[in-house]
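Read-outs: derived from the displayed coordinates by stated rules, not from any lab. Worth saying up front: this structure is predicted, and the values here are computed from it rather than measured. In this analysis, Cβ positions are derived from the backbone assuming ideal geometry, glycine residues included, and neighbour counts consider all displayed protein chains.
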Amino acid sequence: MATGSTEELVDSLVVELRRGTLVLSVLSQMGHPEYGYSLAQKLEEKDAVIEPGTLYPLLRRLEKQNLLVSRWDTSESRPRKYYELSEEGNEVYERLKEEWLNLSRKLNVLIGGENDGTD
Amino acid sequence: MMELIDRYVQAVTERLPESTRDDVASELRGNIEDMLPDDATEKDVRAVLEKMGNPVALANEYRPSKRYLIGPAMYDAYVDVLKIVLCIAPIVLAFLGLAGVALEPSGGSYLDYIVAFISGAVQGVVHSFVWVTLVFAIMEWAGVDEGSLPFNKKEWSVDDLPPAVQSSKNRIDRAEEIFSIIFTVAFISIIVFKPELFGWWEQTNEGWNVIPVFDLARLEAYLPAMLSLAVIGFGLSVYKIVAGKWTMPLAVANMLFNLAIAFVACLALTDRSLWNPGLFTRMGEVFEVSAGTMDMIPGIAVTVTIAAIVLISVLDSAMGFLKSKDVRLLDMPDKIRGWMGAER
């Protein structure tokens, strides 16, 4: 009886967990200029899909926070808005990356410890 | 087919601030077209748009900040105050409805009473929601937060912890504020809906007869001021309940509010045209006072009332300042208590 709500709870917790990693995922791919769709595909190829409804607005937010810079390219048949890491964005990315490695190391210890106890 | 995309982009951007609309629209359109295969059919377009999701949700993602009327920090206080007001206003308005029927010269049937009672109660519920929500929305907008003051975001320090002792000097008496809310709600309901109930009540052969205190037409000129004062006073009480203790800015606000009340009250009291002349005539008859003496009485009554209002305002304002500072005078009871405890 409780499985339905457990499933829902797990889903919402996973969404929350992933939300924290979105910015880092995007920043990691922005060494070269990317437009919305090209970035979405790049992430998909690396099996790190971000829904387009989340990704496109996120790019604008990061630009507003000065982590990305953008320019319109109108030379091709379809005008595209290209984003790229700013200097500040690059610095933020490096620090976030460190934080992430730290965090995952600590979590691995925690999760690993629990497994030892139960098995 | 392109029309679908246009409609989708339109549905997203019309919910965004004007300044970003065009840019978001061209970018979004570009991204959607990129997601389509080269010779796309309507089915492809539908699939892509459904993948993008509900335009309302997408617009929310694009908007810079979450918007709400009453945020999580204020929500508990909102529910508390709403409960208090919902306990008072519907009852007051229901009984005002009954009084209205009772005062009708022809009298009323049972049905009239029931209808008046129910519609009064329903009005009370609606007004409770409207006014409480309005006050809290204004406070939310001004940036009031649990325990912090608007326009003054300071870093929290341990000194801000509420004291463990109940009899703290600067603690705000919740009961007093709740009473003040009850009084405000009751008073303003009567003034707005049935001002004729303030009056001299007499039992006659045909039931109750009321001679109103106020000239009802003239009273209407005062309603906007009274209503705004009630809303401000209500907000001040709510803020006191939320904040829980006196602070200097709160004492200043309290003083300004007292000043405003006293000002409007003096204005109203000295306005002879606000008072129903019929009342004085009738009072003279009832108490068998000569017309000449009766002319003097309102003047005396007004002077006494104004003196009382000024005195109460000054005392209440001063209290706010005394309680918001560490004042020796108010330390005394604590000290005596400590001294007595030490002796035992």
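In order along segment B:82-87, the Karplus-derived 3J(HN,Hα) couplings, from 6.51 cos²θ - 1.76 cosθ + 1.60 at θ = phi - 60°, round to 4, 4, 4, 5, 5, 6 Hz, and Gly and Pro are given as x. Taking 0.36 nm per residue of sequence separation and removing the Cα-Cα distance, the B:SER106/B:PHE183 pair yields an extension gain of 24.5 nm.
In order along segment A:40-55, phi translates into HN-Hα couplings of 4, 5, 4, 5, 5, 4, 8, 6, 10, 4, 10, 4, x, x, 9, 5 Hz, rounded to whole numbers, per the Karplus curve 6.51 cos²θ - 1.76 cosθ + 1.60 with θ = phi - 60° and x for Gly and Pro.
Principal axis extents of the C-alpha atoms in the protein assembly as shown (largest first, rounded to whole Å): 100, 73, 52. Note on B:20-29: average number of Cβ atoms from other chains within 10 Å of each residue's Cβ is 3.
As a calculated quantity, the FRET efficiency between A:LYS106 and B:ASP38 at R0 = 45 Å, using C-beta atoms, amounts to about 0.40.
Taking the helices alone, the protein assembly as shown has a mean residue ellipticity at 222 nm of -24000 deg cm²/dmol, built from -39,500 (n - 2.57) per DSSP H run of at least 4 residues and averaged over all its residues.
If you model segment A:22-112 as an ellipsoid using its alpha carbon gyration tensor, with each semi-axis the square root of five times an eigenvalue, the axes come out at 28, 15, 10 Å, biggest first. Calculated on the Cα set of segment B:2-61, radius of gyration then Dmax: 11.2, 34 Å. Shown for chain A: lysine pairs separated by 8 or more places, or found on different chains, whose C-alpha atoms are under 20 Å apart, numbering 5. Highest mobility in the GNM of chain A, judged by mean-square fluctuation with C-alpha springs under 10 Å and restricted to A:GLU34, A:GLU99, A:GLU16, is found for A:GLU16.
Which value in nm describes the separation of the simple spin-label points at A:SER5 and B:ARG171, placed 7 Å from the Cα toward the beta carbon? Reported label-point gap for A:SER5 and B:ARG171 is 3.8 nm. You can think of it this way: the chain between B:PHE129 and B:VAL310 has 61.8 nm of extra reach, that is 0.36 nm per residue less the Cα-Cα gap.
The mean sequence distance of close C-alpha pairs (under 8 Å, at least 6 residues apart), as a share of the length of chain A, puts its relative contact order at 23 percent. Under a 5 Å amide H cut-off, with hydrogens placed 1.01 Å from N, A:SER86 pairs with A:LEU68, A:VAL69 among residues at least 5 apart or on other chains. Using the Karplus relation 6.51 cos²θ - 1.76 cosθ + 1.60 with θ = phi - 60°, the per-residue 3J(HN,Hα) values for segment A:82-91 come to 9, 10, 8, 4, 7, 4, 4, x, 5, 5 Hz, with x marking Gly and Pro.
The simple Förster model, with R0 at 41 Å and r as the Cβ-Cβ distance, assigns A:SER12 and B:LEU259 a FRET efficiency of 0.20. Close amide H partners of B:LYS245, meaning residues 5 or more places away or on another chain with modelled amide H under 5 Å apart, are B:ILE172.
Rounded to the nearest 0.05, what FRET efficiency is calculated for A:GLN65 and A:GLN29 with R0 set to 25 Å and r the Cβ-Cβ distance? Show your work: numbers first, answer last.
On the way: r = 17 Å, r/R0 = 0.67.
FRET efficiency, A:GLN65 to A:GLN29: 0.90.
Here each label is just a point 7 Å from Cα along the line to Cβ, and for B:TRP141 and B:TYR113 those points are 4.4 nm apart. Inter-label distance, B:MET283 to B:LEU227: 2.9 nm, where each label sits 7 Å from its Cα along the C-beta direction.
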